[in-house]
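Just below is one structure, and these are the notes that go with it.
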Amino acid sequence: MLEKPLTDKELINLAINLCANILGGADGLLVVDASDTSLGKMRVINADGSEAKMCGNGLRTVSRYLSEKYQLDNFKIETMESDLAVSKAEDLYPGVPTFSVEISPISFQKKDLPFSYKNFNEMIDQSIPEFISEQTFSAVAVPNPHLISFVSDINQLELKNLGQKLNDQNDYFPEGVNISFSQILKTNTLFVQTYERGVGFTNACGTGMSAASLIFALLNPDQFDANKDISVYNPGGLVKTHIILNREHKEQSEIRLIGNATFTHEVNVVESNLHNNKLNQLEITETDEETAYQNFVKTISN
Ligand SMILES: N[C@H](CCC[C@H](N)C(=O)O)C(=O)O
């Protein structure tokens, strides 16, 4: 714990510097604070310095950090909009610590994303020619904003162009949006690639894979088995999701994201250098966990 918390300005400067210049780059900075309501509080700062309401991959790693700090396997973590239930799960593979986290709250309302498109209040399996013709889109907040489109093949250039269009100054998503293209490989098996708000392409987006799983369950009853987890492949590997779908009140559906919480390096830094955004004297020690995760990735084939 820091002697003196970083100011928001210090956090933003540090996130931009860390994500651009350390360890070959990172998607964002996770901040663990004390909490009055849960075991700890997580804040998410994107690589561009913007703050997000939620980070699914981040919540799993913060869960592991707090689980090991307090020797607990089931607890809650405070996030911007709600305190979320997290639990240690069975390792996906030897040497791959795994956590299951609640992804919530869920909203399809335009005010919660926010988006504006014609007089729509929701955007579900909607043809939006202004985005990409012959493709349908669904928008959901978990609670950060996601735009999901199911495709037969992922056109990365189209995904990048749409990602840039809807995260630059635009009238559709004034606060930007994470965009995922997803393929349905077979029953309860997806591939998801995400262009993330505030970052760009990442290996995996936990909330993106969670949002895609929920929309998949909603739109594909014939390929969704509610009694089983969904396997979600991504450019970086695999996670599982579990969806409890409430068709009558879809915002009361439940999402659990289950996946690795891999600490690739330990980084020690003098606190004053965090406040001054000086990262030229870091003490970095690599762990063997990335090797274990890559060994796991070798065993999965979609
Ligand atoms: N870029 C996202 C935040 C990080 C989400 C992602 N890293 C995840 O694992 O969910 C946003 O601005 O909403």
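The values are calculated or read from the model by the stated rules, or taken from the named source; none is laboratory data. As the structure is a prediction and not an experimental result, all values here were calculated from the model. Neighbour counts run over all protein chains shown; Cβ positions are idealised from the backbone, glycine included. To get the accessible areas, we keep the full protein, side chains included, count just its heavy atoms, and leave off ligands, DNA and RNA. Shrake-Rupley method; radii C 1.70, N 1.55, O 1.52, S 1.80 Å.
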remark   = Taking only protein heavy atoms and a 1.4 Å probe, the highest-to-lowest accessible-area order of 72, 282 is 72, 282
ask   = Hey, in the GNM for the chain with a 10 angstrom Cα cutoff, which one of 71, 156, 109 fluctuates hardest?
value = 71
task = Express the C-alpha Rg of the stretch 42-171 as a ratio against the empirical globular expectation 2.2 N^0.38 Å, rounded to two decimals.
result = 1.26
query = How big is the shadow of the Cα convex hull of the stretch 110-260, averaged over all directions, in nm²?
reply = 8.4 nm²
task = Enter the angle in degrees (range 0 to 90, nearest 10) between the Cα long axis of helix 289-299 and the first principal axis of the Cα atoms of the chain, meaning the one along which they spread out most.
result = 30 degrees
ask   = Under a Cβ-Cβ cut-off of 14 Å, what is the net charge of the residues other than residue 47 that fall near it, where Lys and Arg count +1 and Asp and Glu count -1?
value = -3
ask   = What is the Cα centroid distance between the stretch 160-210 and the stretch 74-109, reported in whole angstrom?
value = 20 Å
ask   = Using a 1.4 angstrom probe and counting only protein chains, how large is the accessible area of residue 265 in Å², to 10?
value = 60 Å²
message = With the crude spin-label approximation of a point 7 Å out along Cα→Cβ, what separation in nm comes out for residue 157 versus residue 228?
response = 3.7 nm
inquiry  = Going through the cross-link list 53/160; 165/250; 69/160; 4/110; 111/298, which pairs have a Cα-Cα distance over 32 Å in this structure?
reply    = 69/160; 4/110; 111/298
remark   = Simple SL model, points at 7 angstrom along Cα→Cβ for residue 298 and residue 127; separation in nm is 4.8 nm
remark   = Averaging 1/r across every pair of distinct alpha carbons in the chain and inverting yields a Kirkwood hydrodynamic radius, in angstrom, of 19.8 Å
Max mean-square fluctuation residue, GNM over the chain, Cα-Cα springs under 10 Å, options 148, 132, 179 = 132
ask   = Given only helices, namely DSSP H runs of n ≥ 4 each adding -39500 (n - 2.57), what is the per-residue ellipticity at 222 nm of the chain, to the nearest 500 deg cm²/dmol?
value = -7000 deg cm²/dmol
